[in-house]
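Just so it is clear, none of the values below were taken in a lab; they were calculated from the coordinates. Predicted model, so just to flag it, every value in this text is computed and none were measured. Using ideal geometry, Cβ is built from the backbone for each residue, glycine included, and neighbour counts are taken over all protein chains shown.
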Amino acid sequence: MEKIRIGVVGTGSVVREIYRHLYFSSRYSDSISVEAICDTSAEALTRFGDDWGVPQKRRFSRYEEMIECGGLDAVAVNTPDSLHRAPVVAALEAGLDVVLPKPTADTVQDVHEIIRTVRQTERFLGVDYHKREDPVTKEARARVADGTYGTLQCSVFQMLDKLLVSDPNHDPRFFSSPDFAQKNSPVSFLTSHMADTFMYITGLRPLEVRAVGYRQKLPSLEPIAVTGYDLVDTTVMFEYGVTCHIITGWTLPNTADCLTVQTGRLIFTDGMLDLWENHYGFREVTALGIENRNVLFRNFERDGVVSGYGIDSPGKIIENIGRFRRGEMPDGELESLLSPFSLGLYTTLVCDCAHASLASGVEHERGVVIGAPVETRQFLTETIGNESDLYFA
Ligand SMILES: NC(=O)c1ccc[n+]([C@@H]2O[C@H](COP(=O)([O-])OP(=O)(O)OC[C@H]3O[C@@H](n4cnc5c(N)ncnc54)[C@H](O)[C@@H]3O)[C@@H](O)[C@H]2O)c1
């Protein structure tokens with residue numbers, strides 16, 4: 001089978017943690033050829049380029065030059081959230097297909113522009129919301145759809161990262177961009193996962209969002225303090241009055257036994273569903289401490305192959321790019337894969353509204369910001385005008 005020739009824009013932590021395994025040591029690697037790379041950081045470019053043998057002339061500091069140089073079928077855009085739109089739109093307009101890590105973009109305006117460009121150019125885009133491939137999510141989706149638990153009423157989701165993720169003083173630093181925690185938030189980095197997972201399971205659209213944010217730990221860090229939220233509690237009202245509290249943060253002490261502590265509870269008329277329950281089923285005790293590893297996400301096999309849903313999710317997007325390019329994708333499937341739900345429009349809408357709620361909120365003592373409710377449809381209309389009808393028909 002012909003390989004998909006990929007240009008990689010951004011070679012930071014998501015590439016270190018996940019995508020280098022996808023590109024070079026997964027069951028998808030035979031159908032991927034990394035033909036060019038681009039990063040504004042010379043250090044990141046050299047590290048990745050030298051590690052994986054990318055020729056000097058195929059290393060770029062500007063994505064426009066990489067795209068112009070040709071020899072590509074697709075582009076993997078791995079830049080920070082606020083820098084997704086421009087390279088994605090440029091790649092699509094150049095006739096290339098695109099794979100993105102979540103979230104599609106940090107603003108709903110950018111997601112709308114990306115979706116519009118996908119439609120205009122008739123290219124393929126896949127967003128790696130890897131939790132959609134988590135077996136827990138998939139099973140929950142199927143059982144909720146067949147009515148096992150009755151009618152959904154309320155739910156609570158939590159996703160809490162260790163402080164080492166957001167702390168720019170931690171050595172080694174988790175994010176390549178030193179100001180990642182300053183420029184992003186637990187909402188864009190984590191709420192996006194849980195909001196997407198909730199909507200993937202239930203198929204419900206968000207109607208109203210309200211957030212409460214806590215800025216207490218990050219501003220106290222030394223020597224580099226971070227002006228940003230430790231924790232955000234986002235309450236979302238979905239269609240049919242279904243509510244979901246999504247609590248996310250990235251300042252859990254580094255002694256926590258999981259890098260990401262996560263849990264979800266959904267309460268129905270005739271049942272209740274608990275997801276993850278904080279642990280993943282692989283607990284080890286070593287001289288360094290007790291650790292729970294998410295081996296379903298990333299699994300290192302004996303032959304050097306890396307598997308798991310963290311790899312399958314972007315891997316299937318690459319496979320879909322191949323099928324799309326060969327004309328093997330039925331229209332119905334294409335329509336579903338390129339729907340606003342699949343392309344993360346409603347997920348970014350929740351996050352954007354949560355940020356808007358905090359931005360217009362009242363700052364109380366002790367760094368607590370209590371946001372006002374934001375109506376999603378009104379927010380969308382104020383942002384993109386009457387084209388909001390496309391998403392709330
Ligand atoms: N880190 C993770 O585990 C993880 C998981 C899921 C999704 N994501 C998403 O992946 C994306 C990247 O996050 P990250 O954690 O790798 O961030 P990062 O800061 O570690 O890496 C981003 C890289 O992009 C480069 N960059 C910035 N602007 C650029 C430009 N204009 N052109 C080319 N390169 C540019 C930076 O120099 C850096 O090397 C974000 O959307 C993030 O939300 C990350």
Jot down the radius of gyration and Dmax of the range 1-159, Cα atoms only, both in angstrom. 17.8, 59
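Please compute the length gained on full extension between residue 138 and residue 392, using 0.36 nm multiplied by the number of residues separating them and subtracting their Cα-Cα distance.
88.9 nm
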Which links in 3/102; 131/162; 57/131; 102/183; 57/183; 138/183 stretch past 26 Å when you go from one Cα to the other? 57/131; 57/183; 138/183
In whole µm²/s, the translational diffusion coefficient that Stokes-Einstein assigns to the range 199-283, given a Kirkwood hydrodynamic radius over C-alpha pairs, 4 °C and 1.567 mPa s, equals 84 µm²/s
When the charge dipole of the chain is computed with +1 at the Cβ of Lys and Arg and -1 at the Cβ of Asp and Glu, the Cα pointing farthest to the positive end, of 28, 378, 136, is that of 28
Please report, in debye to the nearest 20, how large the charge dipole of the range 52-116 is about its Cα centre when each Lys and Arg carries +1 at its beta carbon and each Asp and Glu carries -1 there. 260 debye
Normalised convex hull volume, the chain, alpha-carbon set, Å³ per residue: 151 Å³
The range 36-79-the range 336-391 distance, computed between alpha-carbon centres (Å): 33 Å
By Cβ neighbour count within 10 Å, fewest first, 321, 267 rank 267, 321
So what J values fall out for the range 333-343 if you push phi through Karplus, 6.51 cos²θ - 1.76 cosθ + 1.60 with θ = phi - 60°, rounded to Hz, Gly and Pro as x? 5, 4, 4, 5, 5, 9, 6, x, 4, 4, 7
Diffing the range 311-319: the Karplus 3J(HN,Hα) column from phi (6.51, -1.76, 1.60, θ = phi - 60°), in whole Hz with x for Gly and Pro, holds 9, 4, 4, x, x, 5, 5, 4, 4
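In the chain, what percentage of the DSSP-assigned beta bridges are antiparallel, given to the nearest 5?
60 percent
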Exposed-loop-free span, longest in the chain, where GluC sites (Glu not before Pro) count as exposed if DSSP calls them loop and at most 14 other C-beta atoms lie within 10 Å: 123-276
Enumerate the amide H contacts of residue 207 below 5 Å, restricted to partners 5 or more residues apart or on another chain; note that Pro and chain-start residues carry no placed amide H. 237, 238, 239
Let me spell out the model: positive unit charges on the Cβ of Lys and Arg, negative unit charges on the Cβ of Asp and Glu, origin at the Cα centre of the range 1-83. What dipole size does that give, in debye rounded to 20? 180 debye
Among 40, 75, 185 the positive-end extreme of the charge dipole of the range 32-185 (Cβ point charges): 185
Expected sort for 244, 353 with the fewest Cβ neighbours (10 Å cutoff) up front is 244, 353
What size of dipole, in debye to the nearest 20, comes out for the chain about its Cα centre when the only charges are +1 on Lys and Arg C-beta atoms and -1 on Asp and Glu C-beta atoms? 420 debye
With the dipole of the range 254-315 defined by +1 on each Lys or Arg Cβ and -1 on each Asp or Glu Cβ, the option from 308, 297, 259 whose Cα lies farthest towards the positive pole is 259
Residues of the range 302-325 with amide nitrogen under 16 Å from the 7 Å Cα-to-Cβ point of residue 2? 319-325
Express the relative contact order of the range 261-356 as a whole percentage, based on alpha carbon pairs under 8 Å and six or more residues apart in sequence. 11 percent
Virtual paramagnetic centre 7 Å along Cα→Cβ of residue 224, amide N under 20 Å, in the range 150-181: 161-181
Evaluate the relative contact order of the chain (contact order divided by residue number), counting alpha-carbon pairs under 8 angstrom at least 6 apart; express in whole percent. 19 percent
Using modelled backbone amide H atoms (1.01 Å from N, in-plane), which distant-in-sequence or interchain residues come within less than 5 Å of residue 75's amide H? 7, 97, 98, 99
Cut-off 18 Å, label point 7 angstrom out along Cα-to-Cβ of residue 375: give me the residues of the range 216-242 whose amide nitrogen falls inside. 236-242
